[in-house]
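Here the structure is laid out as structure tokens; the discussion comes afterwards.
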Amino acid sequence: TETVHEALLAAGLYHLLTPRRYGGLEVSLRTWLRTVIEIASADPGTGWCYCLGHAHNLEAAARWPEAVQDDVFRNPAGYFRASHSLFPSGTAVPVEGGYRVTGRSRYQSGSPFSTHAIVFLTVEGEVDESGAPRTAEALRDASQFTLADDWAGQVLGMRASGSNSVVFDDAFVPEERMQPLTWAGDVAPEGTGAAIHGTPLYVGISQGFLGSELSAIAVGTARAALHEWERIARTRNSPMPPFGPRYLDPLHQKLFGEAVVKTDAAEAIVLQIADTAQRWAEGYTLRGEPLTRSMDTRLNGLNIESGRLAAEAVEMVTRSLGSSEARPGQPVERYTRDIAMYRTHAAVQYDLWMQGIGATVLGVQQSAFDSPTAGSRA
């Protein structure tokens, strides 16, 4: 809601990952993800909306030219937020000085309060080094697109995430606002925002970091469910003999303990990912150490495992509390819908990603994003 948005803005939470030269704090990835977990533990959908809007400060500061950054970070709103989609969702037609773009980009989480949108496009008439149609990302001002009313109230869960579609029709994008999609390690540090801002924080896109946005929200959802379970267990009796208080019942204690440990483990994994990603960025930018997609994709596997543990904790809580807490408007009912929606995301499909990670480790392919190629080495 507007009220929540204004509260987050007033608390300074829209400046955590913003470069210092634009008035930001440049906090560590660990601090950032702990903040996301805390917000999501109050409301998972709000955590999603906040996280996936503000997190793209990292991408904007890492990948766009300095002049573009000066423009987008110093916009009239006083903060920078950008929704984002990683799937080609429109076309870009080359014209003098830039491109005319048309399309409808779905799942632009955080879009209602974003100052910008990053949309992934196919460039007409151009091919990349492999001969495939060239793709690129466009950094768009909010005045250049409209939001479709296709999210809140129309999906199972995460209804507060603001994952509306962004619609644009024959809009002009200057050439400097279009960038190829590149991952950290694909570009030398001197060609990234790490050189512009003097910090490894802006070395580029990391698959492990992108995945940690989602897993942190899942952990927050589990924290919310555990809090509600404990509140109910202290005020409600067990449904089975001897019908004493639930929190004194050994079986309920065991269930709660297991859910707590799953959630603690999930959070520990997320924070370890943050520390590892930051350490790799520092090694790459400061000492020339390797930073490969193979490393990154394996690290991202921990995100998927973290999310699975958190989701299992929520599902345990839901089952144990029974149908009385499954009614619309009950907190656990919302957390159950939210975690179910999380599990539909393409980035957390367990078997699909684990196959890719296994192929990566075996040297069959370079990362979970690549097609298997016999004989290639990671």
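Do you know which of the residues in segment 270-304 that are open to solvent by 50 Å² or more (accessible area, probe 1.4 Å), of a type in the set (D, E, K, R) and touching a helix residue (DSSP H, G or I) at 6+ places or on another chain (Cβ under 7 Å) is nearest to R34 (Cα to Cα)?
Step by step, filter segment 270-304, then rank; the result is D275.
Pull out all pairs, ordered by first then second residue, where Cβ-Cβ is under 6 Å, the residues are six or more apart or on different chains, the first lies in segment 283-304 and is assigned to a loop (DSSP other than H, G, I, E, B), and the second is open to solvent by less than 10 Å² (accessible area, probe 1.4 Å) and modelled with pLDDT of 95 or more.
Cβ pairs passing all conditions: E289/G283.
With among the acidic types (D, E), in contact with an Asp or Glu (Cβ under 9 Å, 6 or more places away or on another chain) and at pLDDT below 95 as the only criterion, which of E282, E333, E325 stands out?
Selected residue: E325, the only one of E282, E333, E325 that is among the acidic types (D, E), in contact with an Asp or Glu (Cβ under 9 Å, 6 or more places away or on another chain) and at pLDDT below 95.
For segment 321-332, does any single residue satisfy the condition of being free of Cβ contacts under 8 Å to residues at least 24 places away in the same chain and β-branched (V, I, T)?
No, there is no match, as no residue in segment 321-332 is free of Cβ contacts under 8 Å to residues at least 24 places away in the same chain and β-branched (V, I, T).
Looking only at segment 162-183, how many residues end up being small (G, A, S) and open to solvent by 10 Å² or more (accessible area, probe 1.4 Å)?
Summing the residues that are small (G, A, S) and open to solvent by 10 Å² or more (accessible area, probe 1.4 Å) in segment 162-183 gives 1.
Inside segment 1-102, counting only helices (runs of 4 or more DSSP H) that do not spill past its ends, which hold 3 or more residues that are farther than 28 Å from V167 by Cα, at pLDDT 95 or above and open to solvent by 10 Å² or more (accessible area, probe 1.4 Å)?
Answer list for segment 1-102: 29-42.
Give the residue that is nearest to A77 (Cα to Cα), with candidates limited to residues of segment 18-47 that are without any contact (Cβ under 8 Å) to a residue 60 or more places away in the chain and touching a His at 6+ places or on another chain (Cβ under 6 Å).
Here the answer is G24.
Answer yes or no as to whether S206 is touching a helix residue (DSSP H, G or I) at 6+ places or on another chain (Cβ under 9 Å), surrounded by fewer than 23 Cβ atoms within 10 Å (Cβ to Cβ), touching a residue at least 60 places away in the same chain (Cβ under 8 Å) and of a type in the set (S, T, N, Q).
no
Given the criterion free of Cβ contacts under 8 Å to residues at least 40 places away in the same chain and among the acidic types (D, E), identify the matching residue among D149, D170.
Result: D149 is the single residue among D149, D170 that is free of Cβ contacts under 8 Å to residues at least 40 places away in the same chain and among the acidic types (D, E).
Identify the single condition in (1) farther than 21 Å from W32 by Cα; (2) among the aliphatic types (A, V, I, L, M); (3) touching a Pro at 6+ places or on another chain (Cβ under 8 Å) that I217 does not satisfy, given that it satisfies every other one.
It fails just one condition, (1).
How many of the residues making up segment 222-269 are in a helix (DSSP H, G or I) and open to solvent by less than 50 Å² (accessible area, probe 1.4 Å)?
Residues flagged as in a helix (DSSP H, G or I) and open to solvent by less than 50 Å² (accessible area, probe 1.4 Å) within segment 222-269 amount to 21.
Would it be correct to say that F172 is in contact with a Phe, Trp or Tyr (Cβ under 6 Å, 6 or more places away or on another chain), on the phi < 0 side of the Ramachandran plot, modelled with pLDDT of 95 or more and assigned to a strand (DSSP E or B)?
So F172 fails the test.
Would you be able to tell me the number of residues in segment 142-159 that are in a loop (DSSP other than H, G, I, E, B) and either open to solvent by 30 Å² or more (accessible area, probe 1.4 Å) or closer than 22 Å to V332 by Cβ (or both)?
10
Just to be sure I understand the filter: pairs with C-beta atoms under 6 Å, separated by 6 or more residues or on different chains, first member in segment 211-222 and at pLDDT 95 or above, second member buried (at least 24 other Cβ atoms within 10 Å of the Cβ) and charged (D, E, K, R). Which pairs pass?
T221/D338
Could you list, in sequence order, all residues of segment 312-336 that are in contact with a Ser or Thr (Cβ under 8 Å, 6 or more places away or on another chain), among the aliphatic types (A, V, I, L, M) and assigned to a helix (DSSP H, G or I)?
A313, V314, V332
The values are calculated or read from the model by the stated rules, or taken from the named source; none is laboratory data. Computed from a predicted model, the values in this text were never measured in an experiment. Cβ sites come from the backbone with ideal geometry, for glycine too, and all protein chains shown count toward neighbours. Note: accessible area is taken over every heavy atom of the protein model, side chains too, but ligands, DNA and RNA are not part of it. Shrake-Rupley method; radii C 1.70, N 1.55, O 1.52, S 1.80 Å.
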